[in-house]
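One structure below.
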Amino acid sequence: MDLKLDGKRALIAGGSMGIGKAVAGLLAEEGAHVAIVGRDEARARAVAEDIAARHRVTAIASPCDTGQDASVSAMGRDVADRLGGIDIVVNCAAEPAGQARPPSTSELDHAYLDRHMNVKVMGYLRVAQAAMPHMVRQGWGRIISVSGTGMYRPGDTTGAIRNAGVVAMSKNLAHDLAGTGVTTSVVHPGMTRTEKVDAMLQARAEAAGHGFEDELDLLAKATLNGVLPDAMDMARIIAFLASPLSSAINGEVITATGGRPGVITY
């Protein structure tokens with residue numbers, strides 16, 4: 001399928017690792033020019049250089065701390081100037097869930113919650129706000145935010161609050177942008193294989209005294225598909241949502257877990 005992304009200009013916040021890196025590579029493969037945005041400038045530049053070498057597109061790195069207003073504003077100007085505009089925003093810049101036991105509600109430190117909300121919810125909003133004027137002026141744009149299924153289950157208060165906050169923000173943006181040609185959507189990955197997740201699973205396997213494949217198999221069996229999704233599985237979904245072909249989807253949430261058994265979500 002031709003996703004009609006040739007020549008589009010995409011800003012991927014959190015594009016130097018994991019799902020964001022997979023999205024950047026796939027969008028470039030589809031002909032989009034990409035900006036790799038992240039706090040680690042060297043890593044973002046390495047990803048951009050690799051993409052530019054493999055695809056006939058412009059790929060740039062733009063360092064940014066999405067938790068800081070001034071940093072995001074400067075990054076937005078930099079990306080728009082160097083790519084000639086912004087058509088697509090993919091928000092992935094957040095600490096991944098599941099890396100350690102989350103604090104219970106009674107243990108929750110306010111500074112810990114503030115940090116997660118500032119980076120994931122406010123950070124996503126800052127990036128969207130930096131790109132929206134360009135999208136509105138041209139009458140077309142896509143804003144896709146990667147959140148998580150932690151909002152559907154108790155046990156991680158911070159994860160539930162921050163992920164629900166991303167959904168509420170995206171829905172409100174959809175209403176605010178109605179009629180402009182700019183749409184928003186949220187993707188909720190479940191446990192997804194990335195560099196950090198594989199490292200976490202390796203550590204778990206060693207602590208339990210069994211192999212990495214055994215640990216992976218345990219998680220895969222918890223999905224209806226029997227396979228744990230990886231970053232590229234999420235990238236394919238996001239690439240469709242970033243395309244003009246996704247015009248019927250606006251303000252909606254796509255859950256992508258490999259199939260959660262025993263759950264009905266309304």
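Wholly within region 30-106, which strands (runs of 3 or more DSSP E) include no fewer than the required count, namely at least 3 residues that are in contact (Cβ under 8 Å) with a residue 40 or more places away in the chain?
33-38, 88-91
If I filter region 210-266 down to residues being assigned to a helix (DSSP H, G or I) and of a type in the set (Val, Ile, Thr), which single residue comes out as nearest to VAL90 (Cα to Cα)?
Selected residue: ILE238.
On the basis of being over 15 Å from the mean Cα position of the chain (by Cα), open to solvent by less than 50 Å² (accessible area, probe 1.4 Å), among the aliphatic types (A, V, I, L, M) and at pLDDT below 95, does LEU228 make the cut?
no
Among the residues of region 195-209, which ones are more than 17 Å from GLU95 (Cα to Cα) and either polar (S, T, N, Q) or within 26 Å of the chain's Cα centre (by Cα) (or both)?
GLN202, ALA203, ARG204 - these are the residues of region 195-209 that are more than 17 Å from GLU95 (Cα to Cα) and either polar (S, T, N, Q) or within 26 Å of the chain's Cα centre (by Cα) (or both).
Taking the options ASP114, ASP69, name whichever one is in contact with a helix residue (DSSP H, G or I) (Cβ under 7 Å, 6 or more places away or on another chain) and open to solvent by 60 Å² or more (accessible area, probe 1.4 Å).
Result of the check over ASP114, ASP69: ASP69.
Which condition number does GLY179 fail, the rest of (1) assigned to a loop (DSSP other than H, G, I, E, B); (2) of a type outside the set (A, V, I, L, M); (3) in contact (Cβ under 8 Å) with a residue 60 or more places away in the chain being met?
(3)
Output the residues belonging to region 204-225 that are open to solvent by less than 90 Å² (accessible area, probe 1.4 Å) and not charged (D, E, K, R).
Result: ALA205, ALA208, GLY209, HIS210, GLY211, PHE212, LEU216, LEU219, ALA220, ALA222, THR223.
Among the numbered conditions (1) closer than 23 Å to TYR112 by Cα; (2) surrounded by 14 or more Cβ atoms within 10 Å (Cβ to Cβ); (3) modelled with pLDDT under 95, tell me where PRO154 comes up short.
(2)
Based on this model, can you work out whether ALA160 counts as in contact with a Leu (Cβ under 9 Å, 6 or more places away or on another chain) and open to solvent by less than 30 Å² (accessible area, probe 1.4 Å)?
For ALA160, the condition - in contact with a Leu (Cβ under 9 Å, 6 or more places away or on another chain) and open to solvent by less than 30 Å² (accessible area, probe 1.4 Å) - is not met.
Tally time: how many residues in region 132-176 are in contact (Cβ under 8 Å) with a residue 24 or more places away in the chain and not in a helix (DSSP H, G or I)?
So the count comes out to 12.
Condition test on VAL127, is it touching a strand residue (DSSP E or B) at 6+ places or on another chain (Cβ under 7 Å), closer than 21 Å to ALA235 by Cα and in a loop (DSSP other than H, G, I, E, B)?
Against the criterion (touching a strand residue (DSSP E or B) at 6+ places or on another chain (Cβ under 7 Å), closer than 21 Å to ALA235 by Cα and in a loop (DSSP other than H, G, I, E, B)), VAL127 does not qualify.
Return the residue satisfying two criteria in turn: it lies in region 29-45 and is closer than 19 Å to ALA93 by Cα and small (Gly, Ala, Ser), and of such residues it is most open to solvent (accessible area, probe 1.4 Å).
Here the answer is ALA42.
Can you tell me which residue among ARG54, ARG115 is more than 26 Å from ASN163 (Cβ to Cβ) and basic (Lys, Arg)?
Being more than 26 Å from ASN163 (Cβ to Cβ) and basic (Lys, Arg) holds for just one of ARG54, ARG115, which is ARG54.
The values are calculated or read from the model by the stated rules, or taken from the named source; none is laboratory data. Just so we're clear, the structure is a prediction, and the values are computed from it rather than from any experiment. Here Cβ is always computed from backbone atoms with ideal geometry, including for glycine, and neighbour counts include all displayed protein chains. We work out accessible area using only protein heavy atoms, side chains counted, and drop any ligands, DNA or RNA first. Shrake-Rupley method; radii C 1.70, N 1.55, O 1.52, S 1.80 Å.
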